[in-house]
Amino acid sequence: MTSSSKVYPDAERALSGILRDGITLCCGGFGLCGVPDKLIAALHASGVRDLTVVSNNAGTDDAGLGLLLKSRQIRKMISSYVGENKEFERQYLAGELELEFNPQGTLAERVRAGGAGIYAFFTKTGAGTLVAEGKETRVVNGETYIMETGIVADVSLVKAWKGDTEGNLVYRKTARNFNPNMATAGSITVAEVEELVEPGALHPDAIHTPGIYVHRIINGSPYHKKIEKRTVRKRMEGSDAVVS
Amino acid sequence: MPWSREDMAARAARELKDGFYVNLGIGIPTLVANYIAPGMKVVLQSENGMLGIGPFPYEGEEDPDLINAGKETVSELASSAYFSSADSFAMIRGGHIDMAVLGAMEVSENGDLANWMVPGKMVKGMGGAMDLVAGVKRVVVVMEHTSKNGEPKFKLHCELPLTGTNVVDMVITDLAVFSRASRKDPFKLTEIAPGTTAGEIRSKTPARYLG
């Protein structure tokens, strides 16, 4: 490992020197899919507090960001849907947790914009709703648009399928979700991957997140991935019926 | 006999056209996928970053990395594509999706939709619903005609916080179908469930409509 190497031996060391109380974190994942669990566990163990966390969901009661909610390390969440987390709902209704709901597409675009150096943009999403309150609006061709600002973070945590030592990342199926967008928004982006490979092992045309966005990377394997809602169809002769 | 959840899903499926890209919400809207006419090509989009959602996987073939927006395990098709959340909502917001089928708590006579929040009670979040109604070309709502405690859901005005204003094109309930030609037009009662009367629907519908 050279001094400029992005590769760290484990999650704890990958987060060393970049955490302090009160920072803003962007975190990839949708539900329990594509969530940087190893980095979240290290964040939990670090004891860092008063975090503002930007993440589409808030995990479940005992997985993903749910761990950090339980330990009261999160001061504020910026999310679009938190319906799977009872502890979240309890803390919020009791006034213990600050919450900013963003429409999912607005959240994704705010993060994309932040990472791309765009201060703000105008969107139709949320016009005429609670989301528009206190926001600048423009009427263009009879349509009302509201101004949303870009989001940047002190630290972004992402999960990928494969990554190389230069930080180039490839995601798998719907585990991609917010990860490529979150990766662009962090002053420091830390990635965990299931398989860490040497440069050249990933085809340059197939890279989803170019390594410029990734500052630190760990091999997080082994993974025991969780399924939130297992839905299957039975094998039935000559039928495509979908049953759950 | 009012229409069942399956009947309502089947009715919504009749709004699909060959070649449509469609987003289906959670609940009854998800069932619409089971009623796509044979031979018709419809591509299902999922907010979490997938085009071409396949059926639920066979037992033992579930993949934790392959879920729909309802967090249910799904399967992939030969034609499927994956993309980021920002790309997913560029499709949605940018008007590239032909139709969305969504559930609702309330719809107003001018097409306002409320389906994400009950103040002080339900704190789940809007997910992608606000983006969908803002960007998808045609929005079909499927809902029970009245709430569990008998309150009408197709109203003069929505009382719950809105998901979008003037965004609904068709309302399918267990009792009736209301539709309108454009978002400048009023809703019209176009179908009545078996065993129901126009009078009964009128008495359970505070929203004003033609027909």
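Overview of results
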{"quantity": "Qualifying positions in segment B:68-89 - over 15 Å from A:ASN56 (Cα atoms) and within 8 Å of chain A (Cβ to nearest Cβ)", "calculated": "B:GLU72, B:THR73, B:VAL74, B:GLU76, B:TYR82, B:PHE83"}
{"quantity": "Candidate set: segment B:95-144, residues that are closer than 25 Å to B:ASP185 by Cβ, surrounded by fewer than 19 Cβ atoms within 10 Å (Cβ to Cβ) and of a type in the set (Gly, Ala, Ser); chosen: the one farthest from the other protein chains (Cβ to nearest Cβ)", "calculated": "B:GLY103"}
{"quantity": "Top-ranked residue of segment B:75-94 - restricted to ones that are without any contact (Cβ under 8 Å) to a residue 40 or more places away in the chain and of a type in the set (S, T, N, Q), ranked as surrounded by the most Cβ atoms within 10 Å (Cβ to Cβ)", "calculated": "B:SER85"}
{"quantity": "Residues that are surrounded by fewer than 19 Cβ atoms within 10 Å (Cβ to Cβ) and in contact (Cβ under 8 Å) with a residue 12 or more places away in the chain, drawn from segment A:141-151", "calculated": "A:GLU143, A:THR144, A:MET147, A:THR149, A:GLY150"}
{"quantity": "Checklist (1) away from every other protein chain (no Cβ under 12 Å); (2) crowded, with 16+ Cβ neighbours inside 10 Å; (3) of a type outside the set (D, E, K, R) applied to B:PRO55, failing item", "calculated": "(1)"}
{"quantity": "Looking only at segment A:71-104, and only at residues there that are facing chain B (nearest Cβ under 9 Å) and out of contact with any Phe, Trp or Tyr (no Cβ under 9 Å at 6 or more places or on another chain), the one that is modelled with the lowest pLDDT", "calculated": "A:GLU84"}
{"quantity": "Residue check, B:MET50 within 7 Å of chain A (Cβ to nearest Cβ) and touching a residue at least 24 places away in the same chain (Cβ under 8 Å)", "calculated": "yes"}
{"quantity": "Among residues of segment A:101-138, those that are buried (at least 24 other Cβ atoms within 10 Å of the Cβ), in a loop (DSSP other than H, G, I, E, B) and at negative phi, counted", "calculated": "4"}
{"quantity": "Residue in segment A:33-62 that is surrounded by the fewest Cβ atoms within 10 Å (Cβ to Cβ), counting only those that are within 14 Å of the chain's Cα centre (by Cα) and at pLDDT below 95", "calculated": "A:GLY59"}
{"quantity": "Residue tally, condition farther than 18 Å from B:ALA129 by Cα, within 16 Å of the chain's Cα centre (by Cα) and either at the interface with chain B (Cβ under 10 Å from one of its Cβ atoms) or of a type in the set (S, T, N, Q) (or both), over segment A:105-143", "calculated": "4"}
{"quantity": "Output for segment A:208-239, where each listed residue is aliphatic (A, V, I, L, M) and within 13 Å of chain B (Cβ to nearest Cβ)", "calculated": "A:ILE227, A:VAL232, A:MET236"}
{"quantity": "Criterion violated by B:MET1 - all others in (1) out of contact with any Ser or Thr (no Cβ under 9 Å at 6 or more places or on another chain); (2) in contact (Cβ under 8 Å) with a residue 60 or more places away in the chain; (3) surrounded by fewer than 19 Cβ atoms within 10 Å (Cβ to Cβ) satisfied", "calculated": "(1)"}
{"quantity": "Positions within segment B:21-48 being under 22 Å from B:ASN115 (Cβ atoms) and either part of a loop (DSSP other than H, G, I, E, B) or acidic (Asp, Glu) (or both), in sequence order", "calculated": "B:GLY25, B:ILE26, B:GLY27, B:GLU47, B:ASN48"}
{"quantity": "Restricting segment A:167-197 to residues that are hydrophobic (A, V, I, L, M, F, W, C), crowded, with 24+ Cβ neighbours inside 10 Å and not in a helix (DSSP H, G or I), the residue that is nearest to the other protein chains (Cβ to nearest Cβ)", "calculated": "A:PHE178"}
{"quantity": "Residue under evaluation B:LEU16, criteria (1) within 7 Å of chain A (Cβ to nearest Cβ); (2) surrounded by fewer than 22 Cβ atoms within 10 Å (Cβ to Cβ); (3) of a type in the set (A, V, I, L, M, F, W, C), criterion not met", "calculated": "(1)"}
{"quantity": "Which listed residue, of A:GLY31, A:GLY64, is at positive phi and facing chain B (nearest Cβ under 10 Å)", "calculated": "A:GLY31"}
{"quantity": "Segment A:144-166: number of residues that are within 17 Å of A:ASN56 (Cα to Cα) and either among the aliphatic types (A, V, I, L, M) or within 11 Å of chain B (Cβ to nearest Cβ) (or both)", "calculated": "8"}
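The values are calculated or read from the model by the stated rules, or taken from the named source; none is laboratory data. Keep in mind it's a predicted model, so treat the numbers as computed, not measured. Glycine gets a Cβ as well: all are built from the backbone with ideal geometry, and neighbour counts include every protein chain shown.
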